[in-house]
Amino acid sequence: MQRRQLLLSGAAALTQALVVGFSYAPGAAAAKSMKKEALDAWLALEGDGRITIYSGKVDLGTGVRTALTQMVADELDVPMEKIVLVMGDTATTIDQGQTAGSLSISAGGQQLRQACATARQALATRAAATWGVQPAELAFDGDGMVRLKADPAHSASYASLLAEGVQTIAVDPKAPLKKPADHRFVGKPVRRLDIPAKVTGEFTYVHDLKLPGMVHARVIRPAAVQASLLEVDDTEAKKLPGYLGTVHKGNFLAVLARTEWEAVQAAQRIQPQWSVWKGLPAQDRMMETWRAQPVVKAEPRPSHGDVDAGLAQAAKTLKASYEFGIHSHASLGPSCAVARADDAGLEIWSPSQATHSLQTEVALMLGVPKEKVRLHYLDGSGCYGRNGHEDCTADAALAATLLAQRTGQAATVRVQWMRDDEHGWDPKSPPTVVDLEAGLDAQGGVTAWKSRFIVAMQNGTLEEFPLLAAVHSGVAKKGTYTGNIAHNSDVEYAFPATLTRVDRVGNAFLRTAHLRTPGRMQNNFANESFLDEVAAAAGKDPVQMRLAYLKDERSRAVVEAAAKMAGWQARPAFSAPTAGPLARGRGFAYIRYQNEITYVALACDVVVDRESGKVRVERVFCAHDCGQVINPDGVRNQVEGGIVQTVSRTLLEEVRFDASRVTSTDWASYRILTFPDVPKIEVQVINRPEAPPWGAGEMAAAVVPAAIGNAIYDATGVRLRSVPFLPTKMLAALAEPRKA
């Protein structure tokens, strides 16, 4: 059975047939545990020698499937092809938290590692007891066999050792992990397991799923964010032969049809009437509106020293404000999900990054026990945080439930979003405004650093996230979810005095959720850009300025590595513009992600067209230290992808809206980077095998906006402090008289 068939048919049904077992008593029926302390919550040995691993983390296209397989294959001493990975099935996998924050390896992978180390320890104990020897006298051959070191011919397979059953085993947090020197797979550039099937078209995305009796739906969106449905006329839709009518509850409205194309046509022909709503603030006053929002909560951040005294004694002080606009996830492919509702409950196939929490969200929306909802993970279009996947899943769940209630029969409904759904209705990243102030002494040293961050409030929990279907059907709890977006507001630099203030404000604009490197990117953009301003005011080289205040050796190592890669030449502040329409410059930025994990430094070269205002990033040099590297190619892929996407976000991407709704609902109105403008990227992955493995999906992205902004200053002598760096902003900045 192939991995995708296992996912589709449901791992729970296979458990009885295939599991030889790690945790059932002799004579008892095999039954998979769902307690994280139990070993068989994480893995099971199958009759043919393969090992099924149950992961609550999922692969969103990042290569986690491959990296996790490398980790567990090493700990279990088996070839990678013997590992079957089940991901994100709420009935068979433990809730390891949403697949976000670049935690799949550092948290999810480490849990699996420990479980596999426990299993290997249990196998050694069983073999030693069977043969009357000590565990130290045994060796694992790397192919699922245990052998006597003194007599390698004396061996036993894992399956034979467990043939008579074993007592329940708990995960041992002290079971020794393999030493890096003994790894066969970890640290090696293993080819991704999913790519061959994706190249040939054999891979099953959620979009490809077909179930018996499945019908297709399109959700009809309100005319405005908070508009109410007044009436529906589907006279024209009824002329379609496969049209099956509508389902609706409150302001939730969906058309149903036997084929997808008929569902699309029905959505175009139906004529709903909506109330008028114009409650969004003016976009051209967005940052002013944001700054004026009342502070709901002041969030303390690490600070030290006497900032007021440091500023008072400074020979020179500087102030600046930075802004970061609203972005869409803008997934290239549309969100899609399938749901089946019957008397037993609801079964859902979803590309959600958080199947376990979504299980609770859907249950709350439908008013049913959580146990009545089961989600299977299937790959969808790429996501970088919470995009439209969860909302589309809720659309399918509600439509299937309403159809089953209407017909009195089981109902299976497939929902696929359209492009205007994806751009217009996915949750957005919130705006950010940052005010900074610093003091310099007569020698150009920093005396004090003061900052205020105005960021979005987080109301409620992830389980209370306002899914569109829940909002429109009138059952959602009011709330927003942005995650912990205060990280990296406090600087890591060892200045004599720092004071960081984070003010959380209520959301005045669009529905929000976390988007790749939430908060960290915006906060680091402000801090790293302002540090360049401070360096320029002090007449010091930006790289040397950073090194002067970084005490952590790994921080200094990535800064020095990126500078060396780029052939960085020390320079003071911008002095004079170059001749001609094109201006070239170099910029630098650094981050220690969340001030506690992955280290990244990045240099980039840009060219600014003074006539058109267009900024082009030509080359990027990135040094990346995420501790122990599981798959070097996988890390490099993630770093490169994060850089490309964030160049796009920095230079082009901007959500547009009027008083009623989002208006940038296609690729013409929401522009992204195209292939000709992708920069040349060089990545140096610094592997530290003895260190804990950290994440790589979000970290490099967090330094890109500041590096580009600093390079623009180096090229032109003008400072852009508002993302995105659109040509209109560039031209306006160039037109302003340059201050000495």
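The values are calculated or read from the model by the stated rules, or taken from the named source; none is laboratory data. Because the structure is a prediction, the values reported are computed rather than measured. Because the Cβ atoms are built from the backbone with ideal geometry, glycine has one as well, and the counts that use them run over all protein chains shown.
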Please identify the pairs in which a residue from segment 439-450 that is in the same structural domain as ARG546 (by TED's automatic domain parsing) and in contact (Cβ under 8 Å) with a residue 12 or more places away in the chain has its Cβ atom under 7 Å from the Cβ atom of a residue that is assigned to a loop (DSSP other than H, G, I, E, B) and β-branched (Val, Ile, Thr), counting only partners at least 6 apart or on another chain.
TRP449/VAL491
Name the single residue that is farthest from ALA44 (Cα to Cα) among those in segment 151-165 being modelled with pLDDT of 90 or more and outside any strand (DSSP E or B).
ASP151
Sole residue being among the polar types (S, T, N, Q) and modelled with pLDDT of 95 or more, chosen from SER331, SER352
SER352
Counted residues, segment 637-671 - those being among the aliphatic types (A, V, I, L, M) and touching a Pro at 6+ places or on another chain (Cβ under 7 Å)
3
Here the residues within segment 356-372 that are more than 17 Å from ALA400 (Cβ to Cβ) and either of a type in the set (S, T, N, Q) or touching a Cys at 6+ places or on another chain (Cβ under 9 Å) (or both) are SER357, THR360
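Residues are listed down the side, and each one gets a yes or a no for (1) farther than 30 Å from THR498 by Cα; (2) crowded, with 21+ Cβ neighbours inside 10 Å; (3) within 33 Å of the chain's Cα centre (by Cα):
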| position | (1), (2), (3) |
| --- | --- |
| GLY408 | yes, no, no |
| ASP421 | yes, yes, yes |
| SER429 | no, yes, yes |
| THR432 | no, yes, yes |
| ASP441 | no, no, no |
| SER451 | no, yes, yes |
| ILE454 | no, yes, yes |
Scanning segment 138-158 for residues that are of a type in the set (Asp, Glu) and either buried (at least 16 other Cβ atoms within 10 Å of the Cβ) or closer than 19 Å to GLU75 by Cβ (or both) gives ASP141, ASP143
Only one of LEU346, LEU375, LEU364 is in contact (Cβ under 8 Å) with a residue 40 or more places away in the chain, over 20 Å from LEU244 (Cα atoms), out of contact with any Phe, Trp or Tyr (no Cβ under 6 Å at 6 or more places or on another chain) and surrounded by fewer than 21 Cβ atoms within 10 Å (Cβ to Cβ). Can you tell me which?
LEU364
Farther than 26 Å from SER529 by Cα, modelled with pLDDT of 95 or more and touching a Phe, Trp or Tyr at 6+ places or on another chain (Cβ under 9 Å): does that describe THR663?
yes
Listed residues ALA44, ALA73; which is without any contact (Cβ under 8 Å) to a residue 60 or more places away in the chain and among the hydrophobic types (A, V, I, L, M, F, W, C)?
ALA44
Check every one of the helices (runs of 4 or more DSSP H) wholly within segment 265-373 and list those with 1 or more residues that are more than 25 Å from the chain's Cα centre (by Cα) and assigned by TED's automatic domain parsing to the domain that holds LEU440.
none
Being out of contact with any Pro (no Cβ under 8 Å at 6 or more places or on another chain) and surrounded by 20 or more Cβ atoms within 10 Å (Cβ to Cβ) narrows it down to one of LEU436, LEU510, so name that one.
LEU436
Flag if GLU260 is under 18 Å from ASP395 (Cα atoms) and either without any contact (Cβ under 8 Å) to a residue 60 or more places away in the chain or surrounded by fewer than 19 Cβ atoms within 10 Å (Cβ to Cβ) (or both):
yes
Count of residues meeting criterion [more than 16 Å from VAL644 (Cα to Cα), in contact with an Asp or Glu (Cβ under 7 Å, 6 or more places away or on another chain) and not hydroxyl-bearing (Ser, Thr, Tyr)] in segment 700-717:
2
Please list, ordered by first then second residue, the pairs with beta carbon atoms under 8 Å, 6 or more apart or interchain, first in segment 533-555 and assigned by TED's automatic domain parsing to the domain that holds ALA711, second in a helix (DSSP H, G or I) and of a type in the set (Ser, Thr, Tyr).
ALA536/TYR713
Could you tell me which of the residues THR125, THR118 is within 21 Å of TYR158 (Cα to Cα), without any contact (Cβ under 8 Å) to a residue 60 or more places away in the chain, touching a helix residue (DSSP H, G or I) at 6+ places or on another chain (Cβ under 7 Å) and among the hydroxyl-bearing types (Ser, Thr, Tyr)?
THR125
Only residues in segment 98-113 that are closer than 16 Å to THR66 by Cβ count as the first member; pair them with residues that are of a type in the set (Lys, Arg) and in a loop (DSSP other than H, G, I, E, B), Cβ under 8 angstrom, at least 6 apart or cross-chain, and list the lot.
THR99/LYS57; SER104/LYS57; GLY108/LYS57; GLY109/LYS57
What is the number of the single condition among (1) surrounded by 20 or more Cβ atoms within 10 Å (Cβ to Cβ); (2) over 21 Å from ALA711 (Cβ atoms) that ALA526 does not meet?
(2)
Among what's in segment 198-237 and is without any contact (Cβ under 8 Å) to a residue 40 or more places away in the chain and in a helix (DSSP H, G or I), pick the residue that is farthest from ASP74 (Cα to Cα).
ALA237
For residues that are touching a residue at least 40 places away in the same chain (Cβ under 8 Å) and aliphatic (A, V, I, L, M), scanning just segment 556-574, find the one that is surrounded by the fewest Cβ atoms within 10 Å (Cβ to Cβ).
ALA557
Taking segment 68-97 only, how many residues are buried (at least 23 other Cβ atoms within 10 Å of the Cβ) and of a type in the set (Gly, Ala, Ser)?
2
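This table checks each residue for (1) touching a strand residue (DSSP E or B) at 6+ places or on another chain (Cβ under 9 Å); (2) part of a helix (DSSP H, G or I); (3) crowded, with 16+ Cβ neighbours inside 10 Å.
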| site | (1), (2), (3) |
| --- | --- |
| ALA696 | yes, no, yes |
| PRO705 | yes, yes, yes |
| ILE708 | yes, yes, yes |
| ALA711 | yes, yes, yes |
| LEU720 | yes, no, yes |
| PHE725 | yes, no, yes |
| LYS729 | yes, yes, yes |
| ALA733 | no, yes, yes |
| PRO737 | no, no, no |
Looking for something surrounded by fewer than 22 Cβ atoms within 10 Å (Cβ to Cβ) and either within 20 Å of SER331 (Cα to Cα) or aromatic (Phe, Trp, Tyr) (or both) - is there at least one such residue anywhere in segment 684-693?
no
Take residues that are at pLDDT 95 or above, among the acidic types (Asp, Glu) and at positive phi and tell me which of the strands (runs of 3 or more DSSP E) falling wholly in segment 29-145 contain 3 or more.
none
Kindly check whether there is at least one residue in segment 658-677 that is in a strand (DSSP E or B) and more than 16 Å from the chain's Cα centre (by Cα).
yes
